[in-house]
Amino acid sequence: SGDLYFHSDIGRDFLLLDEIQKKGYILIGPRTGADGVYHGVFWYFLNFPAFLLSQGNPVAVEGFWILLTFGFMSP
């Protein structure tokens, strides 16, 4: 419906998460906005359970990203 805006990296993430769901594997790693930082394919497999459980709902996956952010913050 055009209510959500996907930056190119986030759109690419969802396309690759869909590819994992269809094929079970991927052979490419993610790009990042930070120079010199490379997450590797671990980033996709970390996000895949949220993608799968939410049936690809980007709002639910974003909620998972927020939980990850708060979960890894130091007190």
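The values are calculated or read from the model by the stated rules, or taken from the named source; none is laboratory data. Keep in mind it's a predicted model, so treat the numbers as computed, not measured. All Cβ positions, glycine included, derive from the backbone under ideal geometry; neighbour counts span all protein chains shown. The protein model used for the area step is the full one, side chains on, heavy atoms only, and it has no ligands, DNA or RNA in it. Shrake-Rupley method; radii C 1.70, N 1.55, O 1.52, S 1.80 Å.
Between residues in segment 19-34 that are β-branched (V, I, T) and residues that are open to solvent by 80 Å² or more (accessible area, probe 1.4 Å) and modelled with pLDDT of 85 or more, which pairs lie under 8 Å by C-beta distance while being six or more apart or on different chains?
Listed pairs, sorted by first residue: I20/F45.
If you check every pair at least six apart or on different chains, which have Cβ atoms under 8 Å apart with a residue in segment 37-66 that is over 16 Å from D9 (Cβ atoms) first and a residue that is among the acidic types (D, E) and in a helix (DSSP H, G or I) second?
From residues that are over 16 Å from D9 (Cβ atoms), the pairs are G56/D18.
Restricting the search to segment 1-44, which residues are under 20 Å from T69 (Cα atoms), at pLDDT below 70 and surrounded by 10 or more Cβ atoms within 10 Å (Cβ to Cβ)?
Scanning segment 1-44 gives F6, P30, R31, T32, Y38, H39.
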